[in-house]
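Chemist: Could you have a look at this structure, given as structure tokens, before my questions?
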């Protein structure tokens, strides 16, 4: 309820979710970069006015796409750290738009859960294993899949390996 006016006066687009704030814009030249920096300054001023604070050390910058305009963005005199990938709401996002890191993360998580099922369940009747797979593994494979939908053949094969793994245990 305190952040309702956070976007007042901002030029660029702003996304808010819980305690996360994202400012973004398609940057084609230096004036676009300056408008983002002005918005960052406005956000810092807003936080000072409301006696709140942005964690500048956790704030990061990501250039998405091929054409990158080099510009040093700052908050409270600190230069924002540039990153090539970041996890947001459980989904890995990379600056090249590829889903490989997300697919690899989901695959590793699913394999770990399958290993835990294999180690802890003694009675491996097919119906029980399928129910365990559907309740413990599949939610990880399907979480936000519409946002990062695997479209490369190698990513799809990774998920198929997880699905076939459950049948090796029965």
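Chemist: So, of the residues in the range 131-143 that are out of contact with any helix residue (DSSP H, G or I) (no Cβ under 7 Å at 6 or more places or on another chain) and surrounded by 13 or more Cβ atoms within 10 Å (Cβ to Cβ), which turns out to be farthest from residue 100 (Cα to Cα)?
Modeler: 138
Chemist: Being farther than 29 Å from residue 89 by Cβ and part of a helix (DSSP H, G or I) narrows it down to one residue among 119, 161, 131; which is it?
Modeler: Every option except 119 fails the conditions.
Chemist: Follow-up. Is it true that residue 73 is surrounded by 13 or more Cβ atoms within 10 Å (Cβ to Cβ), assigned by TED's automatic domain parsing to the domain that holds residue 38, under 30 Å from residue 18 (Cα atoms) and within 23 Å of the chain's Cα centre (by Cα)?
Modeler: Yes: the conditions hold for residue 73.
Chemist: Continuing with this model, one more query. Could you list, in sequence order, all residues of the range 58-70 that are surrounded by 10 or more Cβ atoms within 10 Å (Cβ to Cβ) and part of a loop (DSSP other than H, G, I, E, B)?
Modeler: Once the filter is applied, which keeps residues that are surrounded by 10 or more Cβ atoms within 10 Å (Cβ to Cβ) and part of a loop (DSSP other than H, G, I, E, B), the range 58-70 yields 59, 62, 63, 64, 65, 68, 69.
Chemist: Taking residue 88 as meeting all but one of (1) surrounded by 16 or more Cβ atoms within 10 Å (Cβ to Cβ); (2) under 30 Å from residue 40 (Cβ atoms); (3) under 20 Å from the mean Cα position of the chain (by Cα), write down the number of the exception.
Modeler: Failing condition for residue 88: (1).
Chemist: Any residue that is within 24 Å of the chain's Cα centre (by Cα), surrounded by 13 or more Cβ atoms within 10 Å (Cβ to Cβ) and closer than 30 Å to residue 59 by Cα - is there at least one of those in the range 160-167?
Modeler: no
Chemist: Can you find a residue in the range 16-26 that is out of contact with any strand residue (DSSP E or B) (no Cβ under 8 Å at 6 or more places or on another chain), at pLDDT 90 or above, closer than 21 Å to residue 85 by Cβ and not in a helix (DSSP H, G or I)?
Modeler: Yes, there is a match, as at least one residue in the range 16-26 is out of contact with any strand residue (DSSP E or B) (no Cβ under 8 Å at 6 or more places or on another chain), at pLDDT 90 or above, closer than 21 Å to residue 85 by Cβ and not in a helix (DSSP H, G or I).
Chemist: Here's another thing I want to ask about it. Just a yes or no: is a residue in the range 14-26 farther than 30 Å from residue 151 by Cα and in contact (Cβ under 8 Å) with a residue 12 or more places away in the chain?
Modeler: Looking only at the range 14-26, we keep the residues that are farther than 30 Å from residue 151 by Cα, and these are 18-19.
Checking the rest, the ones that are also in contact (Cβ under 8 Å) with a residue 12 or more places away in the chain come to none.
There is no residue in the range 14-26 that is farther than 30 Å from residue 151 by Cα and in contact (Cβ under 8 Å) with a residue 12 or more places away in the chain.
Chemist: Next up: Checking residue 50 against (1) in contact with a helix residue (DSSP H, G or I) (Cβ under 7 Å, 6 or more places away or on another chain); (2) in the same structural domain as residue 25 (by TED's automatic domain parsing), which single condition isn't satisfied?
Modeler: Result: residue 50 passes all but (1).
Chemist: Separate question: Could you list all residues from the range 74-105 that are touching a helix residue (DSSP H, G or I) at 6+ places or on another chain (Cβ under 6 Å) and touching a residue at least 40 places away in the same chain (Cβ under 8 Å)?
Modeler: Within the range 74-105, 91, 92, 99, 102, 103 meet the criteria.
The values are calculated or read from the model by the stated rules, or taken from the named source; none is laboratory data. Keep in mind the model is a prediction, meaning the values are calculated, not measured. Cβ sites come from the backbone with ideal geometry, for glycine too, and all protein chains shown count toward neighbours.
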